[in-house]
Amino acid sequence: MSQYPISMEVTPDVTAFFDPATNTISYVVKDPASKACAVVDSVMDIDYAAGRITSENADKIITFIQDNGLELAWQIETHVHADHLSAAPYIQEKLGGKVGVGQNITMIQDVFGKIFNEGTEFQRDGSQFDRLFKEGGVYQVGEMTCFAMHTPGHTPACMVHVMGNAAFVGDTLFMPDGGSARADFPGGCAAELYDSIQRVLALPDEMRLFMCHDYGPNGRDIQWETTVAEEKAANIHVGGGKSKDEFVKFRTERDAVLDMPKLIIPSLQVNMRAGEVPVDEHGDPMLKVPVNKI
Ligand SMILES: [Fe+2]
């Protein structure tokens, strides 16, 4: 861990925004020493049956940032989400700042560019984003030095972002009683996910961990914050020293019976474009449904 610029003495203010439609948690992360902030994993609302995209979730975040006089430095996408649409371009238009994602976005763009029969106008080089983070990539939110850890497994482009003593784990981990995310999407790998999770669990025990999703297992209230120590001790998939073989067997069997996320088709088309809705030959926003391809 010594290669990462970890600063446990820096405690950012983390404000969570829960979207009950997709069980996603978005965050505003404020640098304690300035007015600078970051947004992690924003959500744009979609009524897929009606083909209607709206901004209630994103507007809550924008209002919060404006009401508190904050300056948006970065929007972070922990990965290309398959269950909700990113609101990054909508928020960027209102508040500025840069949008970043893991550099392996190009792999996602390659695979899904083919599945969605995208033409040559769809760039597969990640250029829709302002920054493609490499393993260990460093950036500033005000005075706070932040860094990205490449944590493949759920998808090849997944990153965990660490800001002071807070880590935003994306879909590497769920709360201890939720376990881990699926690893069966194209480019996903259960063995890689296990290794990535071990690297997250090698962060300091007191590091606060913030989830991207929570589904309230066994009827408990929604939660999104835990610590490395709690995950190591109690995560039902990887805690208590579970072996890689045990994890891979369990994860593979479980993934085989999971349904596709309800919004995977619109989410991928939009999120692989950094949150922009694709347009048809007339310039109108339009989504496709590839048949029997996913
Ligand atoms: Fe995900």
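If you check residue 121 against the conditions, is it at pLDDT below 95 and either out of contact with any strand residue (DSSP E or B) (no Cβ under 8 Å at 6 or more places or on another chain) or more than 24 Å from residue 19 (Cα to Cα) (or both)? Here the answer is yes, as residue 121 does meet what is asked.
Across segment 38-54, the number of residues qualifying as in a strand (DSSP E or B) and hydrophobic (A, V, I, L, M, F, W, C) comes to 6.
Just one of (1) of a type outside the set (A, V, I, L, M); (2) more than 24 Å from residue 206 (Cβ to Cβ); (3) crowded, with 18+ Cβ neighbours inside 10 Å fails for residue 41. It is (2). Please specify each residue of segment 210-235 satisfying the condition of being within 16 Å of the ligand (Cβ to nearest atom) and surrounded by 14 or more Cβ atoms within 10 Å (Cβ to Cβ). Within segment 210-235, 210, 211, 212, 213, 214, 224 qualify. Does residue 82 satisfy being on the phi < 0 side of the Ramachandran plot and within 16 Å of the ligand (Cβ to nearest atom)? Against the criterion (on the phi < 0 side of the Ramachandran plot and within 16 Å of the ligand (Cβ to nearest atom)), residue 82 qualifies. Checked against the criterion of being open to solvent by 10 Å² or more (accessible area, probe 1.4 Å) and hydrophobic (A, V, I, L, M, F, W, C), the candidates 190, 167 yield just one match: 190.
Taking into account only those residues within segment 169-195 that are in a loop (DSSP other than H, G, I, E, B) and of a type in the set (A, V, I, L, M, F, W, C), which is farthest from residue 231 (Cα to Cα)? Write out each step before concluding.
Filtering segment 169-195 for residues in a loop (DSSP other than H, G, I, E, B) gives 169-172, 174-179, 181-189.
With the extra rule that they be of a type in the set (A, V, I, L, M, F, W, C), the set shrinks to 169, 174-175, 181, 183, 185, 189.
Working: 169: 12, 174: 9, 175: 7, 181: 14, 183: 19, 185: 24, 189: 21 Å.
So, considering only residues that are in a loop (DSSP other than H, G, I, E, B) and of a type in the set (A, V, I, L, M, F, W, C), the one farthest from residue 231 (Cα to Cα) is 185.
I need the helices (runs of 4 or more DSSP H) fully contained in segment 196-289, keeping only those with at least 3 residues that are more than 25 Å from residue 157 (Cβ to Cβ). Quick ask: steps written out before the conclusion?
Numbers: elements: 228-234, 244-256, 264-271.
Helices (runs of 4 or more DSSP H) meeting the threshold: 228-234, 244-256.
The values are calculated or read from the model by the stated rules, or taken from the named source; none is laboratory data. Quick caveat, the model's predicted, so the values are computed rather than measured. When we count neighbours, we look across all protein chains shown, and the Cβ atoms used for this are built from the backbone with ideal geometry, even at glycine. We work out accessible area using only protein heavy atoms, side chains counted, and drop any ligands, DNA or RNA first. Shrake-Rupley method; radii C 1.70, N 1.55, O 1.52, S 1.80 Å.
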